[in-house]
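Coordinate-derived values only; no laboratory data. On a predicted model such as this, the values are computed, not experimentally measured, just so you know. Note that we place each Cβ from the backbone using ideal geometry, even for glycine, and neighbour counts take in every protein chain shown.
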């Protein structure tokens, strides 16, 4: 019996399509990120799936707003994964 795909060495494209618990190595798809405020250039740590609006501490600018899944960054905000 010949299988159509190799179960021990799946392609990265097929791994990206699968649920986080159905992949070969389980892991979360959420992450923390440093977000830079466009006004004061202050850096704030934000969770990628934040459920509340995150505001800059010094200038009270909204950095990200919650959606159904991932948080949406405001325009002009730069980020990097931690």
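Of note:
- Sub-9 Å Cβ pairs linking a first residue in the stretch 51-62 that is touching a residue at least 60 places away in the same chain (Cβ under 8 Å) to a second residue that is surrounded by 12 or more Cβ atoms within 10 Å (Cβ to Cβ) and part of a loop (DSSP other than H, G, I, E, B), at least 6 apart or interchain, number zero.
- Any hit, the stretch 19-31, residues being touching a strand residue (DSSP E or B) at 6+ places or on another chain (Cβ under 8 Å), surrounded by 15 or more Cβ atoms within 10 Å (Cβ to Cβ) and free of Cβ contacts under 8 Å to residues at least 60 places away in the same chain: no
- Hits in the stretch 42-82 - residues which are at positive phi and surrounded by fewer than 11 Cβ atoms within 10 Å (Cβ to Cβ): 60
- Per-region count, the stretch 32-41, residues over 14 Å from residue 71 (Cβ atoms) and exposed (fewer than 15 other Cβ atoms within 10 Å of the Cβ): 3
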